[in-house]
Amino acid sequence: MATGGPMATPTDPLSPDALLTLAQWLSPAYPTGAFSYSQGLEWAVENGDIADAATLETWLSAILQFGAGRNDAIFVGCAYGAATPVALQEIDELACAMVPSSERLLETTQQGAAFAATVRATTSLEVPDLSLPVAIGCAAQKMGLPLGATIQMYLHAMVSNLVSAAVRLVPLGQTEGQVCLTRLSPLCIQVADNALTSGIEDLGSSTFAADIASMKHETQHVRLFRS
């Protein structure tokens with residue numbers, strides 16, 4: 001795998017090397033522990049908010065457009081454009097401050113640290129321990145990967161992980177899960193495109209049910225997931 005590259009612009013075409021790098025970074029095989037988190041989805045299933053493929057799609061669509069998906073996409077972009085280490089640290093502090101619960105904070109910081117550690121071990125990039133979207137934005141900039149594709153694949157990986165959790169929790173059939181993911185893929189592209197022209201001042205969330213679910217999960221009696 002390449003250890004670095006020239007500076008990319010946000011809309012550069014995705015080269016084969018860049019494609020494989022992003023596929024590796026955002027693969028379930030990359031050791032970030034993503035499989036052990038559900039962003040409160042486990043509580044939503046127990047509470048009856050998610051009971052089938054249709055309600056799952058509605059829930060994930062809201063997260064992408066109005067919640068963590070949209071905010072994370074903006075944070076990836078802000079980290080990518082950070083001009084100094086101090087600016088990057090300030091972006092990371094805001095990313096951590098905006099998560100709605102202690103479990104979600106643990107989720108983003110532990111995954112981010114694991115991602116950064118693996119990048120450091122497999123490349124020459126010096127990526128500090130940061131929250132997950134900030135770490136990915138930082139690493140993508142240092143690697144010279146196009147920002148648009150990075151955000152698209154980040155969001156697709158997020159949704160893929162939550163669909164996988166729902167397949168186990170609802171439960172859903174594997175094919176139903178893939179149909180849901182296929183239907184949400186265009187939305188991942190749309191949210192990523194919007195993030196390219198967004199900044200810190202555009203951050204915000206209105207997914208109150210998902211935020212409350214992540215809080216309720218902290219005291220859920222039987223749990224398969226860490227969030």
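The values are calculated or read from the model by the stated rules, or taken from the named source; none is laboratory data. The structure presented is a predicted model; accordingly, all values stated were derived computationally and were not measured. Glycine gets a Cβ as well: all are built from the backbone with ideal geometry, and neighbour counts include every protein chain shown.
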*asked:* For region 38-58, which positions are surrounded by fewer than 24 Cβ atoms within 10 Å (Cβ to Cβ) and of a type outside the set (Asp, Glu)?
replied: Val45, Asn47, Gly48, Ala51, Ala53, Ala54, Thr55, Thr58
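Would you confirm whether or not region 208-216 contains a residue that is closer than 28 Å to Thr21 by Cβ and not small (Gly, Ala, Ser)? So that I can check it myself, show each step before the final result.
Step one: list which residues in region 208-216 are closer than 28 Å to Thr21 by Cβ, which gives none.
No.
Okay, residues lined up against (1) surrounded by fewer than 19 Cβ atoms within 10 Å (Cβ to Cβ); (2) under 26 Å from Leu22 (Cα atoms); (3) of a type in the set (A, V, I, L, M, F, W, C); (4) touching a His at 6+ places or on another chain (Cβ under 6 Å):
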site	(1), (2), (3), (4)
Glu126	yes, yes, no, no
Gln152	no, yes, no, no
Met158	no, yes, yes, no
Gly177	no, yes, no, no
Gln220	yes, no, no, no
*Which pairs do you get when a residue that is free of Cβ contacts under 8 Å to residues at least 60 places away in the same chain and within 15 Å of Trp59 (Cβ to Cβ), found in region 176-202, comes within reach of a residue that is among the hydrophobic types (A, V, I, L, M, F, W, C) and assigned to a helix (DSSP H, G or I), reach meaning Cβ atoms under 8 angstrom, with the pair 6+ apart or on two chains?*
Leu181/Val159; Leu181/Val163
*asked:* It is to be established whether one or more residues within region 156-173 are touching a helix residue (DSSP H, G or I) at 6+ places or on another chain (Cβ under 8 Å) and free of Cβ contacts under 8 Å to residues at least 12 places away in the same chain.
replied: yes
_All positions within region 59-117 that are buried (at least 17 other Cβ atoms within 10 Å of the Cβ), of a type in the set (A, V, I, L, M, F, W, C) and not in a helix (DSSP H, G or I)_ = Ala82, Met98, Val99
_Can you find a residue that is touching a His at 6+ places or on another chain (Cβ under 8 Å), in contact (Cβ under 8 Å) with a residue 60 or more places away in the chain and in a helix (DSSP H, G or I) anywhere in region 34-51?_
yes
_Looking for something among the hydrophobic types (A, V, I, L, M, F, W, C), closer than 18 Å to Gly67 by Cα and either within 14 Å of the chain's Cα centre (by Cα) or part of a helix (DSSP H, G or I) (or both) - is there at least one such residue anywhere in region 135-150?_
no
*For Ser227, state whether it is surrounded by 18 or more Cβ atoms within 10 Å (Cβ to Cβ) and modelled with pLDDT under 95.*
yes
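I'd like to check something: does region 172-189 contain any residue that is closer than 21 Å to Ser101 by Cα and not in a helix (DSSP H, G or I)? Give the derivation first.
Going residue by residue through region 172-189, those that are closer than 21 Å to Ser101 by Cα are none.
So far as region 172-189 goes, no, none of its residues is closer than 21 Å to Ser101 by Cα and not in a helix (DSSP H, G or I).
So, Ala166, is that one at pLDDT 95 or above, surrounded by fewer than 19 Cβ atoms within 10 Å (Cβ to Cβ), closer than 18 Å to Pro28 by Cβ and touching a Gly at 6+ places or on another chain (Cβ under 9 Å) or not?
Values: at pLDDT 95 or above: yes; surrounded by fewer than 19 Cβ atoms within 10 Å (Cβ to Cβ): no; closer than 18 Å to Pro28 by Cβ: yes; touching a Gly at 6+ places or on another chain (Cβ under 9 Å): yes.
No: the conditions fail for Ala166.
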